[in-house]
1. Highest mean first, what order results for 137-148, 108-119 on Cβ atoms within 10 Å?
2. Each label point is 7 Å from the Cα along the Cα-to-Cβ direction; what then is the distance between the points at Asp147 and Phe75, in nm?
3. From the phi of every residue in the range 120-136, what ³J(HN,Hα) in whole Hz does the Karplus formula 6.51 cos²θ - 1.76 cosθ + 1.60 yield, where θ is phi - 60° and glycine or proline is x?
4. Report, to two decimal places, the Cα Rg of the range 63-131 normalised by 2.2 N^0.38 Å (N = number of residues).
5. Nearest 0.05, what FRET efficiency do Val140 and Gln92 give at R0 = 41 Å with Cβ-Cβ as r?
6. Give the peptides 78-84, 66-72 in descending order of average Cβ contacts within 10 Å, highest first.
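The numbers here are math on the coordinates, done by the rules we state, and not lab data. Note that the coordinates shown come from a computational prediction; the quantities given were computed from them, not determined experimentally. Please note: Cβ atoms are built from the backbone with ideal geometry, for glycine as well, and neighbour counts cover all protein chains shown.
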Amino acid sequence: MYFPVQTRIIKHYREKRKKNTALKLATRKRIQKLFLLTKCCIFKTLYLLLSKICNFMKSKKPILLPETSKILSEFGENLKMARLRRKLSTQQVSERANVTRSTLWRIEKGSPSVAIGTYVQVLFVLGLDKDLLKVATDDVLGRKLQDAELIVKKRTKKTK
């Protein structure tokens with residue numbers, strides 16, 4: 001049996017211990033919540049970074065002049081006519097060129113976002129890949145510039 005003073009002291013320490021354990025539990029829960037929040041924040045930032053990288057890696061539609069886009073659409077139309085003259089379906093050409101039908105459709109529409117290598121694959125399937133070598137063979141403007149030799153004016157001497 002304890003004296004009244006001792007019982008009060010024991011009660012005080014028991015209450016203090018309960019408060020401390022409650023505080024410890026509360027702080028432990030707060031730490032866990034903070035950890036989860038920081039973990040979520042880290043994952044969110046990683047996700048945002050990865051999504052930005054993926055968006056950066058996505059093909060962007062280049063900005064073309066109207067004349068250039070007309071040339072590209074005419075080129076796509078020529079490819080479509082070449083395919084139809086050979087009586088090949090879009091399925092056959094896409095399988096042989098190892099592209100999807102939607103990509104072939106975009107090529108035939110003259111989309112600038114399709115890689116030039118994909119255009120060359122379709123040209124190869126159609127047997128027109130040698131025509132690509134004729135693109136810059138007869139460069140009239142380049143020859144005129146070469147003949148003129150782009151004469152550079154001489155600078156005058158500085159006067160003092």
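1. Taking the mean over residues of other Cβ atoms within 10 Å, the ranking is 108-119, 137-148.
2. With each label placed 7 Å out from Cα toward Cβ, I get 2.8 nm.
3. 5, 4, 5, 4, 5, 4, 7, x, 10, 5, 6, 5, 5, 6, 7, 4, 10
4. 1.03
5. FRET efficiency, Val140 to Gln92: 0.60.
6. Result, highest mean first: 78-84, 66-72.
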